[in-house]
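See structure below.
Read-outs: derived from the displayed coordinates by stated rules, not from any lab. This structure is a prediction, so every number in the text was calculated from the model and none was measured. Using ideal geometry, Cβ is built from the backbone for each residue, glycine included, and neighbour counts are taken over all protein chains shown.
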Amino acid sequence: MKRAGDLGPEQAWALLESDPDAVLVDVRTRAEWALVGMPDLSALGKRVLPLEWVGLDGRPNDGFVDQLAAAGVPTGAPVAFLCRSAHRSVDAAEAAADAGWTRALNVLDGFEGPVGAQGHRDVSGWKVVGLPWRQS
């Protein structure tokens, strides 16, 4: 099955804000969550679901779909998958769609976005467009 589509970061925020069932799954690594930061959905009364797609060792998380189900994410809910720059999140959304999530979405440009001309991730993405985030 194919994922339901792609959303820009602002569209993902609007979906999370307007649909009480919408979920944001951050598929980056634990190190990225701790060192780079995470989206902050507290203004929406929601929390991000952190669920690694690939571990620090570079190996895929074979239990990803089972962990998504165990977290209680309904298969009919809109689920937006986010990574650093929207590569891992595409794969995660596809895997979720293959496993029966009918509204699996990829967040374009991810949390940090692509590398710009100066070698920094300052072109686009969740952080760059000014959506809420926090760093531990």
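With the simple model of a label 7 Å out from the Cα in the direction of the Cβ, Arg59 to Thr75 spans 2.8 nm. Between Met1 and Asp98, the modelled label-to-label distance comes to 1.3 nm, taking each label 7 Å out from Cα in the direction of the beta carbon. Going from the fewest other Cβ atoms within 10 Å to the most, the residues Met38, Met1 appear in the order Met1, Met38. What you get for the range 5-134, charging only the Cβ of Lys and Arg (+1) and of Asp and Glu (-1), is a dipole of about 320 debye around the Cα centre.
Where q = 0.14, 0.26 Å⁻¹, what log10 of I(q)/I(0) comes from the Debye formula for the range 18-64, counting one point per Cα? Listed by q, the Debye log ratios stand at -0.39, -0.96.
Near Val54, the amide H atoms lying under 5 Å from its own belong to Asn61; only residues 5 or more places off or on other chains count, and H is placed 1.01 Å from N. Shown here is the pair-distance distribution of the range 5-134: with all Cα-Cα distances grouped in 5 Å bins from zero up to the longest one, the shares run 2, 12, 23, 26, 21, 12, 4, 1, 0 percent. Here each label is just a point 7 Å from Cα along the line to Cβ, and for Arg134 and Asp122 those points are 2.7 nm apart.
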